[in-house]
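Colleague: Can you keep this structure in mind? I'll have questions shortly.
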Amino acid sequence: MNDSLFELPNLPASVAVFGTGIVGLELGQALSRLGVRVRMFGRSGSLGGLADQEIRDYAEQCFNEEFYLDTRSEVTDVSSVEDGVSISFVDRDKGALTELI
């Protein structure tokens, strides 16, 4: 989907990206810079294959300045709804949330 997304006549208002690898980061950053609201969810704590903890922490901070990024997220539900997709997850700061993407 990462290539065909940019061929859409209109970009979506918001997207959820599952996976914090290189492709997910590239997609999330590009869409964010095009004005799309991005929510990125990872599970393992990894970020783009970066092994050095200090560099990984800095990169995570930089990405979080552009869009929501949680490398250790807990997504509890993803449901198709009339207006899009409903995602329930545990936000690291705010607790349990449900957002329409």
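Colleague: Could you figure out which of (1) outside any loop (DSSP other than H, G, I, E, B); (2) surrounded by 14 or more Cβ atoms within 10 Å (Cβ to Cβ); (3) hydrophobic (A, V, I, L, M, F, W, C) isn't true of ILE55?
Modeller: (2)
Colleague: So LEU5 fits all but one of (1) of a type in the set (A, V, I, L, M); (2) at pLDDT 90 or above; (3) not in a loop (DSSP other than H, G, I, E, B); what number is the exception?
Modeller: (2)
Colleague: Restricting attention to segment 28-41, which residues are touching a Leu at 6+ places or on another chain (Cβ under 8 Å) and either surrounded by 13 or more Cβ atoms within 10 Å (Cβ to Cβ) or in contact (Cβ under 8 Å) with a residue 40 or more places away in the chain (or both)?
Modeller: GLY28, LEU31, VAL36, VAL38, MET40
Colleague: If you don't mind, another one. Which members of segment 1-48 meet the condition of being of a type in the set (Gly, Ala, Ser) and more than 12 Å from the chain's Cα centre (by Cα)?
Modeller: Within segment 1-48, SER4, ALA13, GLY35, SER44, GLY45, SER46, GLY48 qualify.
Colleague: For segment 49-73, what are the residues that are in contact (Cβ under 8 Å) with a residue 24 or more places away in the chain and under 13 Å from the mean Cα position of the chain (by Cα)?
Modeller: Within segment 49-73, PHE63, GLU66, PHE67, TYR68, LEU69, ASP70, THR71, ARG72, SER73 meet the criteria.
Colleague: Residues in segment 9-27: is at least one among the aliphatic types (A, V, I, L, M), out of contact with any Gly (no Cβ under 6 Å at 6 or more places or on another chain), assigned to a helix (DSSP H, G or I) and surrounded by 12 or more Cβ atoms within 10 Å (Cβ to Cβ)?
Modeller: Yes, segment 9-27 has at least one match.
The values are calculated or read from the model by the stated rules, or taken from the named source; none is laboratory data. Computed from a prediction, not measured in an experiment: that's the story for all the values here. Please note: Cβ atoms are built from the backbone with ideal geometry, for glycine as well, and neighbour counts cover all protein chains shown.
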